[in-house]
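Undergrad: Supplied in structure tokens, the structure appears directly below.
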Amino acid sequence: YITPKDITEEKAAADILVKLANDGGEDAFVTVTAEIADMEGKTVASKSASLFAAAGEKSQAVLTVHIDSPVLWNGVKKPYLYTARVIAETGGRVSDEYGQSFGIRTYRIDCENGFFLNGEYLDLRGVNYHQDSYENGWAMTNGQRERDYNMMLEMGCTSVRMAHYQHDSYEYELCDRLGLTVWTEIGIVNRMSADETDPPSVSAAFAENAKWQLTELIRQNYNHPSVIVWGISNELYQM
């Protein structure tokens, strides 16, 4: 999980939360390294830490890296992405590694003045998008997704609402690369209860399920700079 912070024109920091699981039968000391590369592949920051990983247990570490003169992810104007590569070494050998793209940006939503990306107003113009195609329904190809999202750019969109459920992970990657801001949401649509009370009664199990849907949505898409809104429902009503 990558959390950019302290962002200025001169520098930025990023907390990289690394979670480890030792599935082996012996305790281990693990060296974890985070390397940050720019879009040209040049390493611009790195940080290492040593961890004790008990057999059969989980552990975690936060590595804070510092990036000079950061290039901001700035929507369709300049959707700049960095790549974090996390490497775990045990006994001098690489035991695991993972790469993750991310963007550095700030945003805020002002109820009077609108949406601001990196301190500048951005007019959010967009569409509501379902993950299906006229050719083959939900069994879409990545090429079909690329066609649709590039069509949004041609229309002048700056934003997209992924309705009304978790979408394919490739769509978030596309939006990161194209600079489209994203409203994503969990799959609660129309009715929350079968009864006719006002307000409707919602079971504890339903509420817990909704909570976990939102938790999983955020965990899965935490590192995407394109995501600006985590939605919790769509068109709720009771008959």
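Undergrad: Name the strands (runs of 3 or more DSSP E) wholly inside segment 109-226 in which the number of residues that are within 26 Å of Thr83 (Cα to Cα) and open to solvent by less than 70 Å² (accessible area, probe 1.4 Å) is 1 or more.
TA: Of the strands (runs of 3 or more DSSP E) lying wholly inside segment 109-226, those with at least 1 residues that are within 26 Å of Thr83 (Cα to Cα) and open to solvent by less than 70 Å² (accessible area, probe 1.4 Å) span 114-117, 159-162, 181-185.
Undergrad: Given (1) in contact with a strand residue (DSSP E or B) (Cβ under 7 Å, 6 or more places away or on another chain); (2) within 19 Å of Val44 (Cα to Cα), identify the lone condition not met by Leu72.
TA: All conditions are met except number (1).
Undergrad: Hey, among Arg108, Arg93, Arg125, Arg147, which residue is under 18 Å from the mean Cα position of the chain (by Cα) and of a type outside the set (S, T, N, Q)?
TA: Matching residue, one of Arg108, Arg93, Arg125, Arg147: Arg108.
Undergrad: Can you name every residue in segment 32-41 that is surrounded by fewer than 17 Cβ atoms within 10 Å (Cβ to Cβ) and within 14 Å of Ala84 (Cβ to Cβ)?
TA: Asp38, Met39, Gly41, listed by residue number.
Undergrad: Here's something else I'd like to know. Restricting attention to segment 227-239, report how many residues are hydrophobic (A, V, I, L, M, F, W, C) and either open to solvent by less than 40 Å² (accessible area, probe 1.4 Å) or touching a Gly at 6+ places or on another chain (Cβ under 7 Å) (or both).
TA: 3
Undergrad: Something else now. Within segment 62-76, how many residues are more than 11 Å from Asp6 (Cα to Cα) and in a strand (DSSP E or B)?
TA: 7
Undergrad: Of the conditions (1) outside any loop (DSSP other than H, G, I, E, B); (2) under 21 Å from Tyr172 (Cβ atoms), Ile104 fails just one. Which one is it?
TA: Just one mismatch for Ile104, condition (1).
Undergrad: To continue, here is another question. Among Asp6, Asp38, Asp27, which is among the charged types (D, E, K, R), in contact (Cβ under 8 Å) with a residue 12 or more places away in the chain and closer than 22 Å to Pro225 by Cα?
TA: Asp38
Undergrad: Follow-up question, since we're still on this one. Sort out which residues of segment 44-84 are in contact (Cβ under 8 Å) with a residue 60 or more places away in the chain, hydrophobic (A, V, I, L, M, F, W, C) and open to solvent by 60 Å² or more (accessible area, probe 1.4 Å), and write them in order of number.
TA: Val76
The values are calculated or read from the model by the stated rules, or taken from the named source; none is laboratory data. For clarity, every value in this text was computed on a predicted model and none was experimentally measured. In this analysis, Cβ positions are derived from the backbone assuming ideal geometry, glycine residues included, and neighbour counts consider all displayed protein chains. The accessibility values were calculated without ligands, DNA or RNA, using every heavy atom of the protein model including side chains. Shrake-Rupley method; radii C 1.70, N 1.55, O 1.52, S 1.80 Å.
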